[in-house]
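Right, one structure below, let's go through it.
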Amino acid sequence: MARRDRTTGLPRPRPRKEAKSKSRFSMDEGQQLRAVWAVGGLLIAVLVLVFGYRWFEANYLHPDKTILRVGGEKYSLRYYTDRLFLAAQSNAGTGTNVSILEQTLLTELEDEALAKILAQEKGITVSDEETSAEIAAQLGVPAGGAGSTFDTLYRQRLTTVKMSDGAYRRYTEAQVYINKLKAKLAEEIGNTGEVVTLRAVVLASKEDADKVLARVNTGENLGSVAQAASTDISSRQNDGLMEPTPARMLPDAVRAAIDGKSAGSDLIGPLEVAGSFWVFRIEKRDTQGVYTETQKGQLADFALQDGVAAKRSGVTIKLDMDSRDYEWANEHAGD
């Protein structure tokens, strides 16, 4: 066999396949797994941040929101919530609607702030010691430090009303301001002023009052008729003669009816007063009548009401409370 023929029978080398080049963007399985874990970790971190912020906002930022401003006085949602629980305790068993309670509390906070402004304008201040003394008076013990009976009872009181020391002291301070302001107003009112004495027959219906008016107009004595027909027991026993009363304390309808009229004037009525009907006469008007201590206190209450009403129109009051705030307050009152 020729050389050529022998050599051609040898196996021929196969052409080598060129290795495919890797893309710089491709990843092996380990890299892919690490990427998945990284993305998952990032998502978890985002969720933790979101829920963490929501928790922080719900428990710290939201409760500290200012929901009411009265002049320079600010009230937070947290303080409103504390007071709402206290108001609910005070009104337990009365059947007061929650919505009414919420609005009443807002008005109460406004009045407290306005009374404080009025008091400060009159030079009244309240110290920490006075606030502590008021708390002690409410507890019925002398004020004291740590370990004292006062300390023990005060801690129990805070637990009962679910309030912090700061919130309860702020609430008490407002009461002290009001009490000191009322005392100042009573001093300004003095001991004497116009006092009006009425002789009246108080009836349950206008029909009965019309009959009484006709009887007196035909000559019957007003006092005698009062003895027999009046539904007001205290004056009935005194021939219809009512207690001498400062004009400011008389019912609005009566004050309007006697305005400008002197003692001994014609009969007045029938006049509807708080569901009853009065037939009456002015028995006496004394411009220098002496007030009783009870009357002075009531006149001071009226003066406070009048002062707060007048101040309300001159002080900036801003309410920033929405349905979410009311919901939060109701959910956390008593926490």
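In this calculation the C-beta distance from E243 to S132 is compared with R0 = 41 Å, giving a FRET efficiency of 0.55.
In region 158-295, Rg over Rh equals 1.19, where Rg is the alpha-carbon radius of gyration and Rh the Kirkwood radius from pairwise Cα distances. Under 5 Å between amide hydrogens, built in the peptide plane, is the criterion, and for L68 it picks out Y75, D320 among residues at least 5 positions away or on other chains.
Calculated FRET efficiency, K211 and A146, Cβ-Cβ r, R0 56 Å, to nearest 0.05?
Step by step, r from the Cβ atoms, then E = 0.20.
Quick one: with all protein chains in place, what share of the accessible area of region 181-335 is carbon or sulfur, to the nearest percent (1.4 Å probe)? The value for region 181-335 is 47 percent carbon and sulfur by accessible area. Label zone (S99, point 7 Å along Cα-to-C-beta; backbone nitrogen cut-off 20 Å) within region 286-323: 319-323.
When you have a sec, figure out the Kirkwood radius of region 111-185 from all distinct Cα pair distances and drop it here in Å to one decimal? It works out to 13.0 Å.
Heavy-atom surface analysis with a 1.4 Å probe gives region 90-167 a carbon and sulfur content of 50 percent of its accessible area.
In this calculation the C-beta distance from A263 to R312 is compared with R0 = 45 Å, giving a FRET efficiency of 0.75.
The Rg/Rh ratio of the chain, with both radii computed over alpha carbons and Rh defined as the Kirkwood radius, is 1.48. Calculated from the alpha-carbon coordinates, region 209-270 shows an Rg and a Dmax of 12.2, 33 Å respectively.
Projected onto its three principal axes, the C-alpha set of region 69-137 covers 40, 30, 20 Å, listed from the longest axis down.
The 3J(HN,Hα) values that the Karplus relation (6.51, -1.76, 1.60; θ = phi - 60°) gives for region 125-140 are, in residue order, 10, 10, 8, 4, 5, 5, 5, 4, 5, 5, 4, 4, 5, 5, 7, x Hz. Gly and Pro appear as x.
Remark: for residue pairs K116/K318; K180/K318; K74/K182; K74/K116, the C-alpha separation exceeds 20 Å in K180/K318; K74/K182.
For the chain, the longest principal axis of the C-alpha atoms and the axis of helix 98-121 are separated by about 70°. Computed over region 283-322, the Cα gyration tensor eigenvalues convert (square root of 5λ each) into semi-axes of 35, 11, 8 Å, ordered from largest to smallest. Note that region 266-277 has calculated 3J(HN,Hα) couplings of 4, 4, 10, x, x, 10, 6, 9, 6, x, 10, 10 Hz, one per residue in order, obtained from phi through the Karplus relation 6.51 cos²θ - 1.76 cosθ + 1.60 (θ = phi - 60°); glycine and proline are x.
Stokes-Einstein D for region 173-244 at 10 °C, 1.306 mPa s, Kirkwood Rh over Cα pairs, in µm²/s?
Value of D from the Cα-based Kirkwood radius: 107 µm²/s.
Once the mean of 1/r is taken over each pair of separate Cα atoms and inverted, region 164-215 shows a Kirkwood hydrodynamic radius of 15.9 Å. Shape analysis of region 232-335 yields a ratio of the Cα radius of gyration to the Kirkwood radius, Rg/Rh, of 1.19.
For the chain, the mean residue ellipticity at 222 nm estimated from helices alone is -17500 deg cm²/dmol, where every DSSP H run of n ≥ 4 contributes -39500 (n - 2.57) and the total is divided by all residues, rounded to the nearest 500.
Solvent-accessible area per residue in the chain equals 62 Å², computed with a 1.4 angstrom probe and all protein chains kept. The convex hull built on the alpha-carbon positions of region 49-189 has an orientation-averaged projected area of 11.7 nm².
With θ taken as phi - 60° and the Karplus curve 6.51 cos²θ - 1.76 cosθ + 1.60 applied, the whole-hertz 3J(HN,Hα) list for region 157-173 is 5, 4, 5, 5, 8, 6, 10, 6, 4, x, 5, 5, 5, 5, 4, 5, 4 Hz, x standing for glycine and proline.
The values are calculated or read from the model by the stated rules, or taken from the named source; none is laboratory data. On a predicted model such as this, the values are computed, not experimentally measured, just so you know. Using ideal geometry, Cβ is built from the backbone for each residue, glycine included, and neighbour counts are taken over all protein chains shown. What goes into the accessible areas is simple: the full protein's heavy atoms, side chains included, and nothing from ligands, DNA or RNA. Shrake-Rupley method; radii C 1.70, N 1.55, O 1.52, S 1.80 Å.
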